[in-house]
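The values are calculated or read from the model by the stated rules, or taken from the named source; none is laboratory data. All figures in this text were calculated on a predicted structure; none of them were measured in a lab. Reconstructed Cβ throughout: ideal geometry from the backbone, glycine too, with neighbour counts over all protein chains shown.
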Amino acid sequence: MKIKQTVYIIAAIIFLNTGLVYPQSNVPQELIHYPDFVFFNGQVLTADADVNFTVAQAVAVRGNRIFKVGNDGDIRSLAGPNTRVINLNGRSLTPGFIYNDADNAVPAGDILKDSQWGGMTQPHLGGASIDQTLATLAFIVDKEGQDGAPVFFNLQDTWSGTAMKIWDKNTLDEVAPDTPILVSLESSEALVNSAMLELAFESGLNPDHFHLQKDENGEYTGRVGAQAAGFIGREVRPWPDPVWFDEVAIPGAIQSLADYASNGITVATGHMSAPTMTVLNRLFHEQPDDLKVRVYPGLDFLRQNPNGEMYLKRMGNLVDFSLTDERGRMVTIVGASVGPHSGTPDGMSGLLSIQPKDNVID
């Protein structure tokens with residue numbers, strides 16, 4: 001009786017063990033896919049929530065997907081014979097970075113062209129017709145330009161090409177004889193009145209700059225190109241009011257960066273301005289938890305910076321590059337780049353429209 005019981009127990013053990021491994025033994029090796037990588041002994045930042053996301057010890061990766069996240073013991077047990085097991089030694093591991101071109105990722109990213117008066121950025125200028133748009137401009141100047149401070153407008157794409165063809169310095173002088181104004185038409189084109197030209201020259205803009213268009217008589221038309229418009233946007237435009245930073249820019253930046261993070265974007269790059277840097281700097285020092293993504297600001301110096309040579313010389317301190325050597329001048333900035341700025345067919349410099357352009361730059 002005892003012998004039979006022993007046999008039954010042994011048979012049961014063999015049966016159970018065989019039952020556990022039998023199905024696996026008949027599965028083709030090609031169908032068994034262990035994790036390709038196992039990372040353990042680290043700080044795995046899961047980013048599974050906008051706030052207080054999980055920090056795990058280890059993660060298994062199979063193919064191009066996260067297979068499992070958890071503690072060291074659970075994750076290491078998943079490793080197969082060809083799995084590469086990597087000890088993080090306490091280092092942090094983050095999700096893969098997804099970049100975006102974020103020219104306007106945060107408020108003030110494109111402030112060189114934003115409408116602005118009263119220390120605050122304002123909506124784009126527009127109307128049902130080009131004449132109504134000009135009447136709106138005149139109304140705003142009359143209401144907001146009483147103290148002589150410059151007023152800036154960003155014209156809607158709908159009218160940018162039309163305004164470039166039919167507006168000029170005289171048009172703006174009629175509605176704003178004393179208030180300096182600039183109207184941004186596209187990324188690289190703008191219109192100014194006589195008062196703005198005078199203010200720009202007082203601020204250091206070279207009167208002979210090649211982006212100041214003149215007619216056949218050598219008179220300024222009021223049409224200004226990228227570098228001249230950029231100079232006015234940086235050197236003449238008043239710094240935004242502190243209230244704007246507190247009530248508009250910083251809350252807007254927090255929302256924008258959170259939106260990027262919630263859609264899986266972890267890095268923002270693009271052309272950004274000095275006010276943008278102020279916003280990011282304040283977030284970094286005052287509200288670091290609100291910086292949801294990394295931000296890499298850049299300066300579009302060729303298109304909008306008349307001091308490109310000075311900028312490159314500063315870069316030389318970092319990359320051992322100089323515009324001059326013992327032989328003299330080696331590099332001279334002689335032009336401005338033009339890229340895909342707007343998609344409207346009547347735009348002057350846009351390259352994104354598949355329709356033929358109504359206007360071209362001479």
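Observations
- G222 meets the stated requirement of being in contact with a Leu (Cβ under 6 Å, 6 or more places away or on another chain), buried (at least 17 other Cβ atoms within 10 Å of the Cβ) and not in a helix (DSSP H, G or I).
- Helices (runs of 4 or more DSSP H) enclosed by the stretch 120-186 - at least 3 residues per element that are among the aliphatic types (A, V, I, L, M) and under 21 Å from S203 (Cα atoms): none
- Tally, over the stretch 187-220, of residues that are of a type in the set (F, W, Y) and closer than 20 Å to P150 by Cβ: 2
- Hits in the stretch 44-91 - residues which are hydrophobic (A, V, I, L, M, F, W, C) and in a helix (DSSP H, G or I): I75
- One residue from R282, R314, R327, R294 being at pLDDT 55 or above and more than 22 Å from the chain's Cα centre (by Cα): R327
- When each of G204, G225, G230 is tested for being of a type in the set (G, A, S) and over 27 Å from G119 (Cβ atoms), the lone residue that passes is G225.
- Qualifying residues in the stretch 86-120 (those that are under 19 Å from V293 (Cα atoms) and among the β-branched types (V, I, T)) - the one modelled with the lowest pLDDT: I98
- Against the list (1) modelled with pLDDT of 90 or more; (2) touching a helix residue (DSSP H, G or I) at 6+ places or on another chain (Cβ under 9 Å), the condition D131 fails is (2).
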